[in-house]
Structure formats: C-alpha cells, structure tokens
Amino acid sequence: MSGSNIYKPEMMEITDIVQETSDTKTFRLKFKNESTAKSFSFKAGQFGEYGVFGEGESTFCIASSPTRSEYIECSFKQIGKVTTALTRLRVGDSVGFRGPYGNYFPVEEMKGKNVVFIAGGIGLAPVRCVIWNTLDLRNDFKDVTIIYGARSFNDLVYKRELKEWKERKDIKTVVTVDPGGEVPDWDGEIGFVPAIVEKVAPKAENTVAIVCGPPIMIKFTIPVLQKLGFAEENIITTLENRMKCGLGKCGRCNVGNVYVCKDGPVFTYAQMKELPQEY
Amino acid sequence: MEEKIISLDNLSFFVNDLIKDNHIVIGQDSKEINWKRITGAKDIVVNSKNIPSNISYKEFVFAKTEPIIYYKNKKDEFDIVEPALPRQKLVFLGAKPCDARSIEIMSKVFNWDYKDKFFNERAEGSIVIGVACNYQDKFCFCTSVGLSPVTEKGSDLFLVPLDEKNFALQIVTERGKEFIQPYQKYLSDGNQAKSKEILSKIKNPEKRFETSKVSEWLTNNFEHKIFDNVGDICVGCGQCAFACPVCHCFDIVDEECDYSSGRRMKNWDACQFGLFTLHGSGHNPRETQGKRYRQRIAHKFKYYQDKFDEVLCTGCGRCSRGCPVGIDIAEVVAEINSLA
Amino acid sequence: MNELRAKAKELLTNGTVKVVIGYIESTTPDRTKPFIARTAEDAEKLVFNKYCVNNLALYLTRKEFRRTGVVGIVAKGCDVKAIVQLIQENQVNKDDVYIIGMNCNGVVSELGQDFSAETIATKCLNCSVRTPLLYHTLLGTLEDLPKREDKNFVLMQKLDAMSAGERWDFWEDEFERCVKCYACRQACPLCYCERCIADKTVPRWIESSAHTRGNFSWNIIRAFHLAGRCIGCNECERACPAEIPLSLLNRKMGMVAKKEFDFVAGMGLDTPTLVGTYNLNDNEDFIK
C-alpha cells in the first residue's frame, strides 16, 4: 500500500529550445530512459513538475500535443528561482520531470463540434496543446477558430505556429495585440481579447470554447461568451495556482474543497462558478 | 472489548521490552513541549492529567523536514538516489484522545489518490497506546468535533488510570491485540466495572459548536467580516499549523549537500504564511491575513469534511493556547455556530 | 481601566486618532489579546492589567495602519522602546502615532498563570522604563514590583563560562526543537522587513528546512539582525511553541551593545541608532 516514491522525477533531455519572447522559452524534452519514453502518455491539458536539481521544481502545462508522443514541450516565463535556472540550460542538458498530473480537456466529447480557442499571453501554452491535438485529428471536428492576443507584438508566443495557423485554410486564426502594442507592419487585429471575441467568435450552437489567459482576460471574456449564447458547460478553462507537489497533498493549490492539481486544472465555467472566488 | 490491568512497574518493563524489540517508542516530553523518542523506562510520561504538549507528535509520521530524493552530479549527468526509508515500528505511548486519531485523519489526504510512502512507511506499522484524559481547560473542545476525553477512537490500546499504581488496558483493535500478545506476562485480569466507573466520572469539555452547522454556514458565507476581524490581529506565523496534530501542508525545496550533490526536501508549511499561495506573477489568491485565516477555518471545518469525510481538527486546543496574539479557534467557530 | 476607556473613547470621538490599538480580555481572565478599537463602543472593551504582555508596536508597521492617519496605541514602557526604535528606523512617523502610555507594574512571563513573584516576566525585574519615556497621555499609578532572582541572567553567565563546544551543544539541543514556524519573527515589532531574508530564494541565504543547519542559520542570523535593535520585550521567546530561550541570545547582544558602544536600543529619539549611524570616531578599523 505504501507504494513507490511519488516525488521522484524522471530524467529528460532538452533536445530543442525556442526563445519565444525576451523572457519566455519553449523546451522540447525527451525521456532519457527508453522504457519510460515508451510507456509515457498524457492527455491535452495535463501538466508536470519540471525540476532543476539544486534549484527546485516548477509547474507548467505540457504545451505539446499528445498526438506527438515522441517528446513533450513546455513553455515558461523567467520569473523566479527555478525558471531562471531553466533559462540557463542548453540543448543536451537534463531536466527532472514528474507527471503527467491533473485532469484534461474533454477532447473526445468535443469531436463533431465546432471549437473556438481563446488565449491571452502565455496562456496560449495549454491551449496550444489542444489546438495541435485538434488539428492533428482535424476531420473529427467541425469549424475551428483560434483567437489569440497579447499585450504587444513582442509578447506573442509561438510566432511560427501563429503564422502557420493563419495560413491554413481549414481554420480561422485571429491574432490581436493591445492598443499600442502593435509594430509598424502589423497585419493582425488591435484590441483587447474580449472585444475581438465578440467580433469574430463563431455561433454558440454546437460549439465549445476553450479559454485560457490572465485572470483579467478571463473575467471579461466569459460574459462576452455568455452574451453570444455559450452554455456554462461549454466554456472550458484551465486554472493556474501555485503548486508544489502536483499530487493533491501539499495543500497550496486548494480552492475550496478542490485540489487544482488533482481535480483540475481543467474546469468548465459551470464548475468554476461553484468554487469560492479565491484563485 | 477485552480489558486487562497493567501496573506502573510493569508498564516500565513493557516499554523496556518494546525498545529491546526494536520498537521506537514515542512519548510526551516531561516539559510538555513536544514528543520524544523514549530511551528507557525513566522517560515514560503516561499521565492523564497533563496538558497536551505545545507541539503534537505528528512529526514522527509527517516529518517537519526530510529528504525525498538525493541527487549527485557526475559530470554532466545527474544520479537520483532515493533516501533509505526503513519501515519503522512506531509506538505512541500515552496519546490523549485528541492526539490518537491524528494519523488516521491525515492518512486520508496522504492516500486519497497517489500514496505518500514517506507518511505510510511510518504510519502503517504504528501502534497508538491512548490514555483517558483527565486534563481540561478553557481551550479544550474535543467534544465539539466528535471526540471525548474518554474515547478509545484512534487508539489500538487504551489506558485508563485506575489508581496511583495501576492502569486498565483496553484492547481496542486487532492490531493492538496482536501487538500486545508477546507481552502478556505484564498483564493481569481486568475489571471492566471499575474502569467504566472511572471513565464515567471524567467530565466532558463543554460542547461549543455543531460541525454540520458550521460547515453549512461556511458554504454560504464565504465573505464575512468574522475572518477579517481575526485577520486584524493575526500575525501570520505558523504556530497554529505546526502545533496542530492534523495540519499537513508542506513545501518542497532543494538544498545543497556539497558542491556536487544535494537533496530535495519536504518541509512543513502553513497556509497562514503570506507567501504560501503567492504566484510568480505577483498575484496572490489569498492576499490578506483575513483570507488566509478563512482558509484555515474552512479547510478544517468544511473542505476536508466535504472531500474526505473528516473534520480536520481534534479539539486539542494547541493552536489557541500557543497563539501569540490569543486567537481562540473554538471561540471563532462557536461564533460561526451562533451565526448559523 | 476606566480612565483608559474614557481616554480611548475621547480620542476616537474627537477624531484625534482613527483607531486605538489596545488589549481586550481573552479566553480566560488571566489572558488578554490585541484588539483594534475603531469606535467609541469598541473602546469600552479595552483593558489594561498584568496580563497585557503583547508588544502592540508590532502593528504600527502594518501597511493598513501606515495609511490610516494617526494611530492610537496603548503602550507599556517596553513597548514604547519599540516605538522609539521604529521611529528612529524611519518605519513609523512620529506624528502618526498617539501613545497612551501606561505606568506599568509588571506583566506575567507567560499567559495563563496568575501574576506573582514567580511568574513576573524577566524583563520586568530590572525595568528602568516603568513610566514610558515617550507618551502623549500617561495613565495608571506605579506600585511596588514583586522581586525574584533573575534566573535568565544566571543561565547567561553559565553560558558565558562555557567553552565554545559546550555552548554549541547547548544551542544544538535548543534549536533542535525549532519547527520554523517563524512565530518569533512575526511577534517581533522590529522584524518588519517586507521580505525577510529567510524567505528570499534568489539566492537562498537561509535553508528553510527545520534541521540543525537550517535552524542554526535562522536563529543566529535573526539574533544578529536584532543586535543593537532589540529592545528586549521578549515577545519572540514567549511566542515560540518550542520554548527556545531566545532571550539568552538577544539579551546577550544587547549587553554587548551596551558594553562596547554604550548603546541601549529604544531609549531616546535623540540618540542615534547603533547600526544605522556612522561615527567618525568608531573604534572599528574596518569601517574607516
């Protein structure tokens, strides 16, 4: 009953690094141990604990799609002790990984429906995971719309992919920056995400909205979606709270009786409304 | 329930035997600060009249600090070494009813999904020898959380002081029965009538609140000035959480052993610390002391109950007795009860 | 008590102060706890007696009170020392505090016990500020203090006589019990840093683990940070659930400050602080 050491990380190797913005990077990671690599699987929306020995662990979602199982990717902003240490790592260096943890987006149930992805800033990371999951199984879904915004052009992450998505004819991609955040040859929208959503979001009928971004963006986007007729069950988001264990033990991600790390991080708006407003 | 008698002298011999048989016997320190490993009969404090120690014995199952992995740097590669964790045969001697259930209660969170081996390796083999409690002060409220000074709940064996020299020993669980088997020679036949009479004379602390009522009120009154009033004076230390027999939040941090090796530690943490929930972005979901105090109360009297069907409190009163600014948890919850 | 309530009521009603930080009775009559009185009605609850142990100066550095306007505070002589030190360290504006000074007849060392010669707090034994050094109103009358031996001082002399190794063993035994709850820091009026060095992670100066190494570094560094600043209210020791005799460290530091620099913290608004002042005649070479 006592089991194995749940705090023990698996070793991964950095195989690629993309500098997304001045302070945000994306790592591509592969398990060093082959049998772990083979048996590892995850679902869109799950997260992991990424560790640098001597510095500690940090929590990020898995930003790559489960349909591409040979690696995982994570994106992070350099803010604290661990992310600073991660920033210093180079291709070939080792990272500890624990996961996948938490629940996931209901990709199976979304099949046959329209999907609109709405993301702000680094909040695109968890959404990117479902976007690629959806695009890799494109025929299983109806209309796909991506709405992404950041404070400024420089804060947009996954720029290569944004370009790729924009060029695809089978999806609609709208990228926006806050007023004043544009650059001279900016060809996207200018305006806050909620306003853009109101302008370009698809009909609510048979549509699921996946929303992720800073609390302020979520706060103003949800009323817009409700106005457009989206049911609370069809608005899905992923919560972020400070975490340490990721295992439903250490207590810091508690929101009411929910452990965000175990019972979340993915919640429908209907579920979120039931939680104490403390996240 | 089977009942035997053990004399004070025989209790000493019994404890000496336990130590010889590689049990780790833990008893309350004579200064009533914390609990300690007993090295011989001279350290035994089994006293139904003493005040609960400042700090509970949870640290022996949920360590205040312990390594969860070691890592060594061999050139550009890391080697992870798991800490040796020998299964311990822990015996908690003289646990009051407000301590006896602590392991059972914490076990829910350490096992509800992933299983925490650091807790389990110690908890699973442990034996709790409880003792009926004859201490009572204004801070005691075990009866408000479904316990009582005479309950054997949580104990495997339960002692009832009969006179200056003798205890009744009630054999509560199968585990307790098995455990005491090799030490039968220290036991004589008991007389249940006498222990029953003694237990019936022990006075219950006043019942201050109804947990179901409190839990319901907390559901409907997330925003209330009662929490801010406490937040006004709460200084945000971790005394309450660290003294508590069932608070179980922890932190994970890395520290160096030397230049090429280190360890990842699991350390006690507390929801009353302002940094506990602070995000990297600077956002803090519980940015005021009032909100942090609300979390403490709601976690104990609602959330844990909703999730694990247990009240996360044993009514020992340690947090209130030790609070540097006199915050009395029973008083706060009783006030909630009166509002409900 | 009546004059205290009347004064607090007057100050709150006529707008001299926004709040009065004082004491009210706690769970048992032999205990009090801090209370923030905001109305005349609140003022009726205030008490002052031998169980008013808390050093309320602690609350003066709280953000919400910094912006409140004038804050009234019920203060014993030792508490006023903390207020003086806070004013000198520019943490409290002299004009933003209204001190209701209390002539003090001693307090208990720990709450939950009757006041007597045995239980009187050590700091009261040789108190030189029973009438506070600074106040706007002075209340109460002085009575004789009970006398007892200063056991804490005896223990300090014993520690001084020990070899370094023996002293290390003594402290190892004591610090072993530390659980890193930081009650010492949180109860201390002079531990006002917004981000304590113990909470800093880049770099981590003090290990947060409650093991020998982490406990030594925390407790010793805290003592050093309070050297020449500690005013001896002893709230850290009272708050400690592990009952670590922190006063031995802080008092020793205070005695060194007195002996080497003839400085006692919190004794006067005009005396420059010890560690915050540059002195041309400093007898330490390294500083020149």
* Long-range HN-HN contacts of residue A:208 with modeled amide H, under 5 Å -> A:114, A:115, A:116
* Report ³J(HN,Hα) in whole Hz for each residue of the stretch C:36-42, in order, from the Karplus equation J = 6.51 cos²θ - 1.76 cosθ + 1.60 where θ = phi - 60°; Gly and Pro get x. => 9, 8, 10, 10, 4, 5, 4
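So for chain B, what percent of the C-alpha to C-alpha distances run longer than 33 Å? Can you show the working numbers first?
Details: 18805 of 57630 pairs.
The answer is 33 percent, as a whole percent.
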* Structure fact -> Quarter of the surface of the C-alpha convex hull for the stretch C:62-112, i.e. direction-averaged projected area in nm², equals 4.5
* Taking chain B as a Gaussian network, Cα atoms linked when under 10 Å apart, which of B:98, B:133, B:249 shows the biggest mean-square fluctuation? -> B:249
* Taking θ as phi - 60°, what are the ³J(HN,Hα) couplings along the stretch A:61-77 by the Karplus curve (6.51, -1.76, 1.60), each to the nearest whole Hz, with x for Gly and Pro? -> 6, 7, 8, 9, 8, x, 6, 10, 7, 6, 8, 10, 10, 9, 10, 8, 9
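Percent of accessible area on the stretch A:10-101 owned by carbon and sulfur, 1.4 Å probe? Don't skip to the end; give the middle numbers.
Working: 1520 of 3580 Å².
After summing per-atom areas, the C and S share lands at 42 percent.
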* Once Rh is set to the Kirkwood radius over Cα pairs, what Stokes-Einstein translational diffusion coefficient, in µm²/s, holds for the stretch B:112-236 at a temperature of 37 °C and a viscosity of 0.692 mPa s? -> 180
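Relative to the compact-globule scaling 2.2 N^0.38 Å, provide the ratio for the alpha-carbon radius of gyration of chain C.
Values: Rg = 19.4 Å, N = 288, 2.2 N^0.38 = 18.9 Å.
Taking N as the residue count of chain C, the ratio is 1.03.
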* Asked: In Å², nearest 100, what accessible area do chains B and A bury in total when the solvent probe is 1.4 Å?
  -> 4100
* **With 5 Å bins from 0: P(r) over the stretch A:107-238, alpha-carbon pairs, percent** => 2, 11, 23, 25, 21, 12, 4, 1, 0
* Determine, at each q value in 0.10, 0.20, 0.23 (inverse angstroms), the log₁₀ of I(q)/I(0) that the Debye formula gives when each Cα of the stretch B:211-339 is one equal point scatterer. => -0.36, -1.23, -1.54
* Short version: ³J(HN,Hα) in whole Hz for each residue of the stretch A:179-184, in order, from phi by Karplus 6.51 cos²θ - 1.76 cosθ + 1.60 (θ = phi - 60°), x for Gly and Pro, what are they? -> x, x, x, 7, 10, x
* Structure fact -> FRET efficiency for residue A:68 and residue C:41 from the Cβ-Cβ distance with R0 = 51 Å, rounded to 0.05, comes out at 0.15
* **Å² of accessible area per residue within the stretch B:211-339, as computed with a 1.4 Å probe and no ligands counted** => 31
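Which number do you get for Rg(Cα) / (2.2 N^0.38 Å) in the stretch C:1-125?
On the way: Rg = 14.3 Å, N = 125, 2.2 N^0.38 = 13.8 Å.
The reported ratio for this selection is 1.04.
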* To do: Could you tell me, in Å, what Rg and Dmax come out for the Cα atoms of the stretch B:2-201?
  => 18.6, 71
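If packing is taken as the average count of other Cβ atoms within 10 Å, what order do A:231-239, B:188-196 fall into, highest mean first? Walk me through the numbers on the way to the answer.
Working: A:231-239: 20.3, B:188-196: 14.1.
Descending packing order for the listed peptides: A:231-239, B:188-196.
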* Other-chain or far-sequence residues with amide H under 5 Å of residue B:90's (modelled H) -> B:24, B:126, B:127
* Please state the charge dipole magnitude for the protein assembly as shown, taken about the Cα centre, from unit charges on C-beta atoms (+1 on K and R, -1 on D and E), reported in debye and rounded to the nearest 20. => 320
* Structure fact -> Computed curve, the stretch C:150-261, Cα-only Debye sum without solvent term, log₁₀ I(q)/I(0) at 0.10, 0.12, 0.15 Å⁻¹, is -0.28, -0.41, -0.66
* In a GNM of chain B with a 10 Å cut-off on Cα contacts, which of B:124, B:82, B:287 has the highest mean-square fluctuation? -> B:82
* Asked: Can you pull the semi-axes for the protein assembly as shown, root of five times each eigenvalue of the Cα gyration tensor, sorted largest first, whole Å?
  -> 49, 37, 28
* Most mobile of B:293, B:259, B:304 per a Gaussian network model of chain B (Cα springs, under 10 Å)? -> B:259
* Asked: When the scattering of the stretch B:11-58 is computed by the Debye formula from its Cα atoms alone, each counted once and equally, what is log10 I(q)/I(0) at q = 0.18, 0.24, 0.25, 0.31 Å⁻¹?
  -> -0.53, -0.85, -0.90, -1.15
* Please work out how much accessible surface residue C:267 shows to a 1.4 Å probe, ignoring ligands, DNA and RNA, in Å² rounded to 10. => 70
* **Whole-angstrom Cα spans of the stretch B:22-115 along principal axes, big to small** => 59, 33, 24
* Structure fact -> Over all directions, the stretch B:222-265 yields a Cα convex hull whose mean projected area in nm² is 5.4
* Percent accessible area from carbon and sulfur atoms, the stretch C:151-261, protein chains only, probe 1.4 Å -> 58
* To do: Tell me, for chain A, which Cys residues have no other cysteine's C-beta sitting closer than 4.7 Å.
  => A:61, A:74, A:129, A:212, A:253, A:261
* **With DNA, RNA and ligands ignored, accessible area of residue B:306 (1.4 Å probe; Å², nearest 10)** => 70
* Structure fact -> Over the stretch A:107-238, with neighbouring protein chains present, the accessible area per residue in Å² at probe 1.4 Å is 45
* Amide H within-cut-off set for residue B:208, under 5 Å, with H built and near neighbours excluded -> B:144
* Asked: Per residue, how much accessible area does the stretch C:151-261 show when a 1.4 Å probe rolls over the protein heavy atoms, in square angstrom?
  -> 46
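Rg to Rh for the stretch A:10-101: what is it, with Cα atoms only and Rh by Kirkwood?
Details: Rg = 12.1 Å, Rh = 13.0 Å.
We get a ratio of 0.93 for the stretch A:10-101.
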* Asked: With every protein chain in place, what's the accessible area of residue B:203 (1.4 Å probe, Å², nearest 10)?
  -> 150
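Counting only DSSP beta bridges with both residues in the protein assembly as shown, what percent are antiparallel, rounded to the nearest 5? Could you put the intermediate results ahead of the total?
Details: 77 of 122 bridges.
In the protein assembly as shown, approximately 65 percent of DSSP beta bridges are antiparallel ones.
Any chance you could list the semi-axes, whole Å, largest first, of the equivalent ellipsoid that the Cα gyration tensor gives for chain A, using √(5λ)? All intermediate terms of the calculation are to be shown ahead of the outcome.
On the way: eigenvalues 170, 97, 68 Å².
Semi-axes, largest first: 29, 22, 18 Å.
The values are calculated or read from the model by the stated rules, or taken from the named source; none is laboratory data. These numbers come from a predicted model, not from an experiment. With ideal geometry, Cβ positions are generated from the backbone for all residues, glycine too; neighbour counts draw on all protein chains shown. Note: accessible area is taken over every heavy atom of the protein model, side chains too, but ligands, DNA and RNA are not part of it. Shrake-Rupley method; radii C 1.70, N 1.55, O 1.52, S 1.80 Å.
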